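Chemist: Please find one structure pasted underneath; my questions will follow.
Read the figures in this text as sums done on the coordinates, not as results from a lab. Note that this is a predicted model, so its numbers are computed, not measured. Here the Cβ positions follow ideal geometry from the backbone for every residue, glycine too, while neighbour counts run over all protein chains shown.
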Amino acid sequence: MTKIECILRPAKIMEVRNVLGNLGVKGMTVTEVIGCGLQKGHTRDDWNTEFNINLLPKTKIEMVVSDDMVDEVIRAIIEISRTGEIGDGKIFTYPIGNAVRIRTGETGESAI
């Protein structure tokens, strides 16, 4: 099992969620976050005052999938999320040793 964690543009979340559901991803956690990377924020002028906004709104998606789905899920996320502009996001993967469904006690891939 592998945990896939993505930081994406907020406007892309619904489309990514729909595609991942069609691929068989059964669950995910979605969090609104703020952060910075190469984009380094932006400058905004309000009332003749310049503001530097260093942290931008992003959406973080986390899911655990079977190892045989990882490449397909990553390809789908990239295909949907890529605009070619700075700020498209990042994808991280982590190996998962075990998962436990608290309600039933199921473990391993049957718990995801």
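Chemist: To the nearest 20 debye, what charge dipole does segment 2-111 have about its Cα centre, counting +1 at the Cβ of each Lys and Arg and -1 at the Cβ of each Asp and Glu?
Modeler: Around 200 debye, computed over segment 2-111.
Chemist: Name the residue from A111, I78, V16 whose Cα lies farthest towards the positive end of the charge dipole of the chain, charges +1 on Cβ of Lys and Arg and -1 on Cβ of Asp and Glu.
Modeler: Going by the Cα projections, it comes out as A111.
Chemist: Still on this model: Could you state the per residue volume, in Å³, of the convex hull enclosing the Cα atoms of the chain?
Modeler: With only Cα atoms used, the chain gives 121 Å³ per residue.
Chemist: May I pose another question? Counting other C-beta atoms within 10 Å, which of E32, E106 has the fewest, and how do the rest follow? Intermediate values should be presented prior to the final figure.
Modeler: On the way: E32 10, E106 13.
With the sparsest Cβ surroundings first, the list reads E32, E106.
Chemist: Just to confirm the number: angle between the C-alpha axis of helix 70-81 and the first principal axis of the chain, 0 to 90 degrees, nearest 10?
Modeler: Rounded to the nearest ten degrees, it is 30.
Chemist: Also, I was wondering about something else. Relative to the longest principal Cα axis of the chain, at what angle does helix 13-23 sit, 0 to 90 degrees, rounded to 10?
Modeler: 20
Chemist: In what sequence do S110, S81, S66 fall when counting other Cβ within 10 Å, fewest first?
Modeler: Arranged by neighbour count, lowest to highest, S110, S81, S66 become S110, S66, S81.
Chemist: Further question on the same structure: Can you compute the FRET efficiency between S66 and R17 using 1/(1 + (r/R0)^6), with r the Cβ-Cβ distance and R0 = 22 Å? Round to the nearest 0.05.
Modeler: Details: r = 19 Å, r/R0 = 0.85.
E between S66 and R17, to the nearest 0.05, is 0.70.
Chemist: Sort D68, D88 by Cβ crowding within 10 Å, fewest neighbours at the top. Intermediate values should be presented prior to the final figure.
Modeler: Details: D68 9, D88 17.
If I rank by nearby Cβ atoms, fewest first, I get D68, D88.
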